[in-house]
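The values are calculated or read from the model by the stated rules, or taken from the named source; none is laboratory data. Note that the coordinates shown come from a computational prediction; the quantities given were computed from them, not determined experimentally. Every residue, glycine among them, receives a Cβ derived from its backbone with ideal geometry; neighbour counts consider all protein chains shown. Surface areas here come from the heavy atoms of the whole protein model, side chains and all, with no ligands, DNA or RNA. Shrake-Rupley method; radii C 1.70, N 1.55, O 1.52, S 1.80 Å.
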Amino acid sequence: MEQDQQIIHKARKLGEKLIAIPSTADNPEELRHALDIAKMELQGFAVEEFEGSGIPSVLISNTDDTSRQFKVILNAHLDVVPAGKYQLVEKEGKFYGRGAYDMKIAAAVMILLFKELAKSVDYPLALQLVTDEEMGGFHGTKYQVEQGVSGEFVIAGDISDLKVQNKSKGMLWIKIKANGKSAHGAYPWEGENALEKLQRGLEKLKMLYPDPEEAVWRTTINIAKIETPNVAFNKVPEEATAFLDVRFVPEEKDTIMDTIKSNLASDAQIEIIANETSQYTDENNIYVKHLKTSIEKITGSKAEMLQLHGASDVRFYEQMGVPAVCFGPHGGGQHSDEEWVEKEGIQTYYEILKLTVRSFPKGFEAASKSS
């Protein structure tokens, strides 16, 4: 019991330091400050610094060579969305504060775990700390992957409430432009209303993908913005543009664009602003099964799988064929003023990760990823 409280105390102490830092996208000095706090905890280990488009990240490992290939990578992000205040508060068995759940407490646990186990495990282990996950992860995790960082299995400590998140929807941001013919608003028959033309296509898409009334695992389309160049009421718009945020399930990753195109006017102009693939790691993967076994041994309950409607950095590994999941502590309220992590659950989270990392059976090989 005393050992349990030591882990919770250490995680709180480190988490408190991290949560006090306003490490937001518009504050690059504080992003570096958060990384510096983490590096101070990990003196004596090999640290490789990365910087993609001015965004800093680090890779800490238990090897002294220059290889960027690991058996296991623990991934954590130290950036947060903006808040009114940055302070850890303990109340009714919970730690509250910006980043408590997403994901500075989990990052603190991973730092402490790496510090304890890195020199005793008999395989290459890395801790990847990034600072741009909330902005898409393109200059942190993705940049490191592009520089050759890879592993046989990746665990990100992002939000999952002690479930194993192995699926996430893809993200497609597109701009659709329709053209018509301008005319005086009093004589609409002399023109062709581009906005109405665009609207007909959008109505077809919303018939195919209506907004669900509750969480459901299917593709959704959010019409984020519609605009025309009109500055007056008495003009038939000659062009109209819509911006769509499409979140598609893995099963539609190869068909979603064809579906969208087939429901728009044949002369519609489509520009893809962002196209981030969906993420899927088989729950029967040998590494995932091992993590699930650890969860069940520590909690005494069956491990649960989780599907994420948003996106996380693990998708960059999955795109390279590397099995990767999110596994974070019990908590909730991410991005809200009531963001929290359960205090006693920190120990449970630590013990699950510890059992998982230290007991990977010998013989786990990259060739066995999907077996």
Exercise. So Ser294 clears everything in (1) farther than 30 Å from Ala178 by Cα; (2) assigned to a loop (DSSP other than H, G, I, E, B) except one condition, right? Which one?
Worked result: (2)
Problem set entry | Within the range 1-111, strands (runs of 3 or more DSSP E) holding 3 or more residues that are free of Cβ contacts under 8 Å to residues at least 40 places away in the same chain | 46-52
Exercise. Does any residue of the range 187-204 turn out to be assigned to a loop (DSSP other than H, G, I, E, B), buried (at least 20 other Cβ atoms within 10 Å of the Cβ) and among the hydroxyl-bearing types (Ser, Thr, Tyr)?
Worked result: no
Seminar exercise, completed: Given the conditions (1) among the hydrophobic types (A, V, I, L, M, F, W, C); (2) within 23 Å of Gln307 (Cα to Cα); (3) surrounded by fewer than 18 Cβ atoms within 10 Å (Cβ to Cβ), every one holds for Phe248 apart from (3)
Seminar exercise, completed: The residue from Ala11, Ala46 that alone is small (Gly, Ala, Ser) and within 24 Å of Tyr101 (Cβ to Cβ) is Ala11
Exercise. Just one of Ser53, Ser57 is farther than 28 Å from Lys343 by Cβ, under 25 Å from the mean Cα position of the chain (by Cα), at pLDDT 95 or above and open to solvent by less than 60 Å² (accessible area, probe 1.4 Å); which is it?
Worked result: Ser57
Seminar exercise, completed: With the first residue restricted to the range 336-361 and required to be in contact (Cβ under 8 Å) with a residue 12 or more places away in the chain, and the second required to be of a type in the set (Ser, Thr, Tyr) and open to solvent by 20 Å² or more (accessible area, probe 1.4 Å), Cβ contacts under 6 Å at 6 or more apart or on different chains are Trp340/Tyr96
Exercise. Among the listed residues Ile256, Ile272, which satisfies the condition of being open to solvent by 10 Å² or more (accessible area, probe 1.4 Å) and either among the polar types (S, T, N, Q) or in contact (Cβ under 8 Å) with a residue 60 or more places away in the chain (or both)?
Worked result: Ile272
Exercise. Somewhere in the range 162-174, is a residue surrounded by fewer than 16 Cβ atoms within 10 Å (Cβ to Cβ) and at pLDDT 95 or above?
Worked result: no
For this session: Determine whether Ala118 is out of contact with any Cys (no Cβ under 7 Å at 6 or more places or on another chain), more than 14 Å from Val341 (Cβ to Cβ), open to solvent by 20 Å² or more (accessible area, probe 1.4 Å) and among the hydrophobic types (A, V, I, L, M, F, W, C).
Result: no
Problem set entry | When residues of the range 139-161 are limited to those that are touching a Ser or Thr at 6+ places or on another chain (Cβ under 8 Å) and either in a loop (DSSP other than H, G, I, E, B) or open to solvent by 10 Å² or more (accessible area, probe 1.4 Å) (or both), the one nearest to Gln6 (Cα to Cα) | Asp158
